[in-house]
Amino acid sequence: MEKKRSGGGKRAVDPGAIRPGEMMRLLDGAYKGRRIELDFKTPLDLLIATILAAQCTDERVNRVTAALFKKHKTSSDYLRVPVEKLEEEIRPTGFYRNKARAIVNCCRALEEDFDGKVPRRMDDLASLPGVGRKTANVILGHAFGTPGVVVDTHVTRVAARLGLTREIDPNRIEQDLMRLVPRDRWTAVSHALVLHGRYVCKARKPACGECVLSELCPRIGV
Ligand code: SF4
């Protein structure tokens, strides 16, 4: 009888043995109901928070935005404040000069092209300066309830280890995952992959022994 594995280690990969549907179902169940860890009340808050979250922890972003979102509620609020003051307000998130410029550029585009409102369509969102498909899908999924597959560094790594994709381009990974999961679970499952990569299937030391997918995962590249 095959010995039950409890820890990490490489496994021989048999592509035919990979059961993506079951893996996605387990993952979905394990993280059900878990909200995005960035605090926000409005789509604009979430857009600003995603800009600030680059190279920064969500926890630190939340500490900064707790005060920031009370002062600035509209895109014109962000344009009214002198950029040096905005830089100071967001300084703890790092790269604050670039991030302040990104916020100003984005808010200016919102004012000029969308009446100051965060648009609800992927093409419109992705037209905003500094907003790619990843950020657009975060906003669509978590602020507007429109299903979207978010592909960040965690999703890229975990999906590869699970054998869910062989792609390295985020747009192609997004397409692969969209095919594996029903549309109404796109946001939830990709968020589950983000959390799984953040807390269990970490880049350096994946905790395979504590992983809900331990019995199914081919551990590609681990
Ligand atoms: S998904 Fe789980 S079993 Fe697979 S490599 Fe990551 S932590 Fe290990």
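The values are calculated or read from the model by the stated rules, or taken from the named source; none is laboratory data. Quick caveat, the model's predicted, so the values are computed rather than measured. Neighbour counts run over all protein chains shown; Cβ positions are idealised from the backbone, glycine included.
Restricted to segment 24-105, the set of helices (runs of 4 or more DSSP H) holding at least 1 residues that are outside the structural domain of V155 (by TED's automatic domain parsing), touching a residue at least 24 places away in the same chain (Cβ under 8 Å) and farther than 25 Å from G148 by Cα comprises 58-71, 75-80, 83-90. Among the residues of segment 44-63, those that are surrounded by fewer than 19 Cβ atoms within 10 Å (Cβ to Cβ), over 15 Å from the mean Cα position of the chain (by Cα) and of a type outside the set (S, T, N, Q) comprise R60, R63. Checking every residue in segment 111-120 against the condition of being of a type outside the set (V, I, T) and closer than 17 Å to M23 by Cα gives zero matches.
All of A203, A160, A192 fail the test of being within 18 Å of the chain's Cα centre (by Cα), within 16 Å of the ligand (Cβ to nearest atom) and exposed (fewer than 14 other Cβ atoms within 10 Å of the Cβ), apart from A203. Specify the residue that is nearest to G132 (Cα to Cα); the eligible residues are those in segment 147-200 that are free of Cβ contacts under 8 Å to residues at least 40 places away in the same chain and polar (S, T, N, Q). Only one residue tops the list, namely N171. Restrict the check to segment 177-185 and report whether at least one residue is surrounded by 22 or more Cβ atoms within 10 Å (Cβ to Cβ) and under 30 Å from G21 (Cα atoms). Yes - at least one qualifying residue is present in segment 177-185. All of (1) in the same structural domain as L27 (by TED's automatic domain parsing); (2) farther than 13 Å from A30 by Cβ; (3) not polar (S, T, N, Q) hold for R219 with one exception: (1).
The condition of being surrounded by fewer than 18 Cβ atoms within 10 Å (Cβ to Cβ), β-branched (V, I, T) and away from the ligand (no atom under 14 Å from the Cβ) holds for only one of I173, I168, that being I168.
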